[in-house]
1. Of the residues that make up region 38-58, is at least one in a loop (DSSP other than H, G, I, E, B) and either out of contact with any strand residue (DSSP E or B) (no Cβ under 8 Å at 6 or more places or on another chain) or at positive phi (or both)?
2. Give me the pairs: first residue in region 43-68 and free of Cβ contacts under 8 Å to residues at least 40 places away in the same chain, second residue small (Gly, Ala, Ser) and surrounded by 10 or more Cβ atoms within 10 Å (Cβ to Cβ), beta-carbon distance under 8 Å, and six or more apart or on different chains, which are they?
3. Across region 57-69, what is the number of residues that are of a type in the set (D, E, K, R) and loosely packed, with under 10 Cβ neighbours inside 10 Å?
4. Under 6 Å between Cβ atoms, at least 6 apart or on separate chains: pull out the pairs that start in region 1-30 with a residue that is closer than 15 Å to residue 41 by Cα and end on any residue that is not hydrophobic (A, V, I, L, M, F, W, C).
5. Hey, among the residues in region 1-56 that are surrounded by 11 or more Cβ atoms within 10 Å (Cβ to Cβ) and polar (S, T, N, Q), which one's nearest to residue 69 (Cα to Cα)?
Amino acid sequence: MSIRVSKRTQEVERAKTKIAVKVIHMVDEAGLTDIEYLSMLVSMQAGALKSMLRAERHPDDPDRPAMEE
């Protein structure tokens with residue numbers, strides 16, 4: 001049985017691979033340890049989630065902190 005994968009999924013997977021290779025090269029060039037690299041990724045994810053939560057809670061004013069009513 002074969003599974004048909006959407007074109008978008010294929011594009012996303014290709015992009016993910018390209019980004020991963022570039023990030024690995026950048027991490028190596030910067031001489032980051034695994035802990036430094038992972039800490040950076042977590043920080044970037046937290047920032048993205050913060051922005052998304054603000055936009056969800058305050059669609060008309062996404063710069064407003066999410067904890068405000």
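1. yes
2. 50/66; 53/66; 54/66; 56/66; 57/66; 58/66; 62/51; 62/55
3. Qualifying residue count, region 57-69: 4.
4. Once the first residue is closer than 15 Å to residue 41 by Cα and sits in region 1-30, its partners that are not hydrophobic (A, V, I, L, M, F, W, C) give 27/37.
5. Result: 51.
Since every read-out is calculated from the coordinates, none of them should be taken as a lab result. Treat the numbers as computed from the prediction; the structure is a model and nothing was measured. Cβ sites come from the backbone with ideal geometry, for glycine too, and all protein chains shown count toward neighbours.
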